[in-house]
Structures are given as C-alpha cells and as structure tokens.
Amino acid sequence: IIVVSGSSLYTAYLPLHLLTSTRTTGTLMAAALYNGGDMLPPYRTIEDMLAIVDAPNRTACARLLVDIRAQRMDARGSTHNHQAWPGGYLDHVSEIMNIAIVLYEHLNTLRVLPFSLGDALLVLFLHDVEKPWAFEMRADGQYERVASLRTKAAHHAFRTEKLREYGIALTPEQ
C-alpha cells in the first residue's frame, strides 16, 4: 500500500487487518504501521493545534474558531479552486496546520528553526481569516467574492480588523 501523511509518502507492506481508514473533515486518513513499527503522526483537530499556540493568542483564536463554526460553518475555501465545498475553509485550515506540524517536526530535527511551532500554527490559522466572509452565492447558484473583499488591500484590512476585534497581537516576525 501507499500511505500519504501530510506531504510525506510512505510505502508499506501490511496485512489487511492492520490497515484502517476513516473519513474526517474531507480528508482520508490511513492508520497504518510503517518504518519498522512507527505509527503515522496523528491527524489533529484545530482545537488541539491551537492549544500549542502561546497565550493570550491561544484563547483569542479559540474564540474566533467558535464564532466561525457558529456563524460560518459552511464557509468555502474558495469559489472554484481548492476546498470549494461547503465547510472547505475549515478543512483547509485543518489540513495546512496538520501539514505544518509534520514539516516542523522533521525540519526542526535537521536544523533549529528560528520560530516556534506555536508561531507557525498561529500564522497558518489566521492566514485566510477573511475567507468565511468572502464569498456569497449569486442568483444562478455560483459563488463569487463579495465586492468588499476583492482586492489584496481589502483582505489585509479585513484581517487587521478581525485580529483587533479578537485581541490577537502578532509580533513583527509573525
């Protein structure tokens, strides 16, 4: 079998009883043994990953996530590209944060990275924070960006305001 975990590809020869798969938030996960008995890294929830972020941003981001889930659970990741399905925005955030953990753990063993895993997860959680509010359905059923969020400057202004609203403070390095 071939197992994909984040950005890593593994080949494993396993008896079928050791392989299971589940479908969670749009991502197929295979739980299998590889490399002489090591387990694949766990696929974490956004909440679990936000717990790695330093306070006080951890609490502020957790509140933002609760609000996005309550108000914008069906937000798409885009109008027609990646994660364009209902709920695709949160699938996108979950996926890139999980990939970051895998990459960070491997790269940080090769050389000490100049930032923490918590910093990487914070930036990734926030990088598209305007998307839950960015798309609306037209009369023909197609999605398009709302007029107020069609430029990069508008994205930046929205993100800045959302961070201010939730009391999220970024350092210059973040």
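Odds and ends about this structure:
- Measuring spread by the Cα atoms of segment 90-142 yields a radius of gyration and Dmax of 15.6, 52 Å.
- Accessible area (Å², per residue) of segment 112-174, counting only protein heavy atoms and a probe of 1.4 Å: 59 Å²
- Neighbourhood charge, 15 Å Cβ-Cβ cut-off, centred on GLN142 and excluding it, Lys, Arg +1 and Asp, Glu -1: 0
- Euclidean distance between Cα centres, segment 92-113 to segment 118-174, Å: 22 Å
- The dipole here belongs to segment 41-174: it is taken about the Cα centre, uses +1 on the Cβ of Lys and Arg and -1 on the Cβ of Asp and Glu, and is about 240 debye.
- Within the accessible area of segment 37-152 (1.4 Å probe), percent carbon and sulfur: 57 percent
- Proximity of backbone amide H atoms, modeled 1.01 Å from N, is registered between PHE135 and VAL146 at under 5 Å, excluding neighbours fewer than 5 places apart on the same chain.
- Charges were assigned to the Cβ only: +1 to each Lys and Arg, -1 to each Asp and Glu. The resulting dipole of segment 61-140 about its Cα centre is roughly 80 debye.
The values are calculated or read from the model by the stated rules, or taken from the named source; none is laboratory data. Nothing here was measured: the structure is a model prediction, and the numbers come from that model. Backbone-built Cβ (ideal geometry, glycine too); neighbour counts: all protein chains shown. To get the accessible areas, we keep the full protein, side chains included, count just its heavy atoms, and leave off ligands, DNA and RNA. Shrake-Rupley method; radii C 1.70, N 1.55, O 1.52, S 1.80 Å.
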